[in-house]
Structure formats: structure tokens, C-alpha cells
Amino acid sequence: MSRKISVVDRIKSFWVDEKLELKKVMWPDKNKVLQLSLALGVTLILLILIISLYDFIFGILSRLILGSFTG
């Protein structure tokens, strides 16, 4: 007959396994984190600018098109 494992033991086992797995991870060094963060920031700014430009252009076009129907 198999022994039923308590909830507390299962939670402890989970955290022990989690700690062991996190020790296996190759974490990036500080310079790599800063480099990737900078690249992400620049990419986000570029995307914001592109989307804003499209919004501005389509806003003008829609006012021109819809304005011709209002009389």
C-alpha cells in the first residue's frame, strides 16, 4: 500500500526541487542585463514612435475622407 503524502510535505518537496533547478540556471552577468535592457528600451521607443506616426497619419486621412461627407 502506498503512503499518502501530506500537503505540507508536497509543498516542501516542491520548494526543494525549485531551489535545485534554479541553481542549474546560467544567469546573465550585470553587463549583459544592462545591454539587453537598453536594447529593449530603444526598441520600445522606436515602436511607440512608429505607432504614433501611423495614428497621426490615419487620423488626418480619416478627417479628410469623413470631412468631405459632412458637407
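FYI, it's all coordinate maths here, none of it is from the lab. Keep in mind that this is a model prediction, so the values were computed, not measured.
What ratio of Cα Rg to 2.2 N^0.38 Å holds for the chain? Intermediate results must be reported in sequence, preceding the final value.
Details: Rg = 27.4 Å, N = 71, 2.2 N^0.38 = 11.1 Å.
Dividing the Cα Rg of the chain by 2.2 N^0.38 Å gives 2.47.
Within the same chain, lysines fewer than 8 places from Lys12 are excluded, and of the rest, those with a Cα less than 28 Å from its Cα are Lys4, Lys23, Lys24. A full extension of the chain between Arg3 and Asp17 corresponds to an added length of 3.0 nm, given 0.36 nm per residue minus the alpha carbon distance.
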